[in-house]
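Chemist: Okay, handing you the structure first.
Read the figures in this text as sums done on the coordinates, not as results from a lab. Keep in mind that what you see is a predicted model, and the values were worked out from it rather than measured. Quick reminder, even Gly has a Cβ in these numbers, built from the backbone with ideal geometry, and neighbours come from all protein chains shown.
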Amino acid sequence: MSVVGKVAIIALAIVGMTALTGCESQCQQQFASLKNGMTRAQVEELLGKPSSKFEPSEEPGATLLSQERWQYGDNLSTLVTGAMYPTGAPDRVWVVYFDDQGLVSSMHPPVWERDE
């Protein structure tokens with residue numbers, strides 16, 4: 001790989017980490033304002049776009065997800081974990097669950113924030 005290619009990869013990694021750090025501070029400040037019954041639009045206005053979304057699935061043979069889930073603060077590890085095990089949210093992200101009408105039904109902060 002060329003020096004320019006390596007520099008580009010490092011720059012992208014730094015930009016990605018900066019974006020996640022920005023989400024972390026925004027999530028910490030705004031997550032406490034979430035309320036059950038809020039719409040997707042209200043959540044997005046408060047927290048911004050989620051770093052990942054998981055839609056309910058009812059396909060035969062598919063892993064069953066009963067509720068839509070938005071995650072905030074994902075990193076490469078939590079994205080891979082979510083792809084491999086979509087039924088459970090990683091403990092290291094902020095999570096918002098929506099019911100079948102698209103309203104917040106529950107939410108939880110990362111484990112490290114719950115332990116403080």
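Chemist: In nm, to one decimal, how far is the M84 label point from the S66 one, both placed 7 Å along Cα→Cβ?
Modeler: With each label placed 7 Å out from Cα toward Cβ, I get 2.6 nm.
Chemist: Still on this structure, I have one more. Sorted by average packing, counted as other Cβ atoms within 10 angstrom per residue and highest first, what order do 104-110, 68-74 take? Write down the numbers at each step before the final one.
Modeler: Numbers: 104-110: 17.6, 68-74: 22.1.
Packing proxy ranking, top to bottom: 68-74, 104-110.
Chemist: At 7 Å along the Cα-to-beta-carbon direction for both D91 and V111, put a label point, then send me their distance in nm to one decimal.
Modeler: According to this spin-label approximation, the distance is 0.1 nm.
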